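The block underneath contains the structure these notes are about, expressed in structure tokens.
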Amino acid sequence: MNIIELTGTADASGDLTLTGSSEIGAIEKIIFDYSDGDAIADLVITEVAAVAQPILTVTNLGVADLTWFPRTLANKVADASAFTDVAEKIFVTGKMTAVISGSTVAIGGIDGDTTTITVDTSAAHNLVAGDTVTIAGTVSYDGTYTVATKTDADTFTIASTDHNDASESTGTMIHGGATYRLLVYLSDVD
């Protein structure tokens, strides 16, 4: 069994492309891991060949890491409502590419004073102190910042002396700079 390990750090927009070396084998398992915390992201894994073969697409991954076993798929039996398991293998004969795209979270409210910007999100932001966050779509608060504190699941603060501005209720935030790890387990071709 061969194990392909791809790691990298996303940019400020939460985007990252990981490309492996040429491999041949059947995919047994894929593990996608947020190595330094949890960011909300989309994941697309394809084989780079003459015609790109999609292998796995998952949107809006939340706080859970992902383990995927593609060998057993449930197929509906044509003449009944029961399901049956069928052996199905996905073979790789070239390079694999994983594209990770940061997902935005809507801002429900954002307000600054002479020392702090407080951001309330419409859903869990999955940030911790020290994470990089990019804010866009506001009048006065757009930019890339470092999270100072995580108040709760949908509130965080940023240390800033430049934003003693009026509160707003629009915009989005995206977790940038997250580190990701992708492991692909390939069985030998018989």
In the stretch 105-176, with Lys and Arg counted as +1 and Asp and Glu as -1 at Cβ, which of these residues, Thr132, Ile158, Gly109, has the Cα nearest the positive end of the dipole, that is, farthest along it? Thr132
Roughly what would the spin-label model give for Ala26 and Asn2, points 7 Å off Cα along C-beta, in nm? 1.6 nm
Grab every C-alpha pair in the stretch 105-176, bin the distances at 10 angstrom width from 0 up to the longest one, and report whole percents. 24, 64, 12
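Values quoted throughout were computed directly from the atomic coordinates according to the rules given, and no laboratory measurement underlies them. Note that the coordinates shown come from a computational prediction; the quantities given were computed from them, not determined experimentally. Every residue, glycine among them, receives a Cβ derived from its backbone with ideal geometry; neighbour counts consider all protein chains shown.
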